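J.: Submitted below is the structure of interest, expressed as C-alpha cells.
The values are calculated or read from the model by the stated rules, or taken from the named source; none is laboratory data. All values derive from a computational prediction rather than experimental measurement. Backbone-built Cβ (ideal geometry, glycine too); neighbour counts: all protein chains shown.
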Amino acid sequence: MTGKRTFIATLCVVAALAATAFIVQSCGIYSFTGTSIQPDVKTVTVNYFEYTALKVNPSLSNQMTEALQEKFRKLTKLEQVDMDGDLEILGAVTGYDVKATAIGANEQAAQNRLTVNVKVTFVNRKYPEDNFEDKGFSAYADFDAMQSLDAVESSLCEEIVEKLCEDIFNATVANW
C-alpha cells in the first residue's frame, strides 16, 4: 500500500510541475532570466552612450554601450538592430567623479570613491506605457587613497559598468 501511495504522490508532483511549466510557457512574458518581454517584441537598439561628464574618460562611453549590448545578447532572444528596434535605449554618461569617502590620520583621505552617473531614455515602441525619459542611474566603486586613479581606473570602471548595466537592464526589461 505504501508503494502505491508513493507512486501516486510522485505522479501528482510531476503533474503539478508539468502544469506550472505549461502555464509559465503559455503566458509568453516570463523567462527564467527574469525578463518581462512581451512575445511580440522582437528587436532592440542600444544606441551609443554619449559622454557629457566634465572629467574625461575616453573609453567609458564605448564600454557602457558594448556591455549593455552584451547583456541583452546573453539574457534575451531579442535581435539587435542598428535603429528603430521595438525597444530602444539611448544613454549618456553625465558624471564621472572621484571623492574622498574616508579620512585617516592627519586628515588625509584613506579611501576614495569613483562614481559614474548615466541618464537613460527607454522607448518601447510596442508598449509605450513602459517608456521613460532621462532616468538617472549611478554606481560607484571604492579604492585605497594610496593608489592613484590611473592605477585602478580600468578595473573600477569594469565593476561600475557591470552594476550600471544590471540596473538599466532591470529597469527596461525586468520591470524592477
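J.: Tell me yes or no: at least one residue of the stretch 100-113 is in contact with a Leu (Cβ under 8 Å, 6 or more places away or on another chain), among the β-branched types (Val, Ile, Thr) and over 13 Å from Val41 (Cβ atoms).
T.: Checking the stretch 100-113: not a single residue is in contact with a Leu (Cβ under 8 Å, 6 or more places away or on another chain), among the β-branched types (Val, Ile, Thr) and over 13 Å from Val41 (Cβ atoms).
J.: Here's another thing I want to ask about it. Return the only residue of Lys135, Lys119 being basic (Lys, Arg), under 17 Å from Asn47 (Cβ atoms), assigned to a strand (DSSP E or B) and touching a helix residue (DSSP H, G or I) at 6+ places or on another chain (Cβ under 9 Å).
T.: Lys135
J.: I'd like to know if the stretch 154-170 contains one or more residues that are outside any helix (DSSP H, G or I), surrounded by 16 or more Cβ atoms within 10 Å (Cβ to Cβ) and either of a type outside the set (A, V, I, L, M, F, W, C) or at pLDDT below 95 (or both).
T.: Looking for residues that are outside any helix (DSSP H, G or I), surrounded by 16 or more Cβ atoms within 10 Å (Cβ to Cβ) and either of a type outside the set (A, V, I, L, M, F, W, C) or at pLDDT below 95 (or both), one finds none in the stretch 154-170, hence no.
J.: Is the stretch 59-70 home to any residue that is touching a strand residue (DSSP E or B) at 6+ places or on another chain (Cβ under 6 Å) and part of a strand (DSSP E or B)?
T.: no
J.: Here is a follow-up. Starting from residues that are among the hydrophobic types (A, V, I, L, M, F, W, C) and at pLDDT 95 or above, keep the ones in the stretch 102-131 and report whichever is surrounded by the most Cβ atoms within 10 Å (Cβ to Cβ).
T.: Ranking the qualifying residues of the stretch 102-131, first place goes to Val118.
J.: Conditions first: (1) in a helix (DSSP H, G or I); (2) among the charged types (D, E, K, R); (3) at pLDDT 65 or above. Lys99 passes all but one, so which condition is the exception?
T.: Lys99 satisfies all of (1) in a helix (DSSP H, G or I); (2) among the charged types (D, E, K, R); (3) at pLDDT 65 or above except (1).
J.: Next question. Restricting the stretch 71-98 to residues that are within 18 Å of Leu164 (Cβ to Cβ) and free of Cβ contacts under 8 Å to residues at least 40 places away in the same chain, which is surrounded by the fewest Cβ atoms within 10 Å (Cβ to Cβ)?
T.: Lys74
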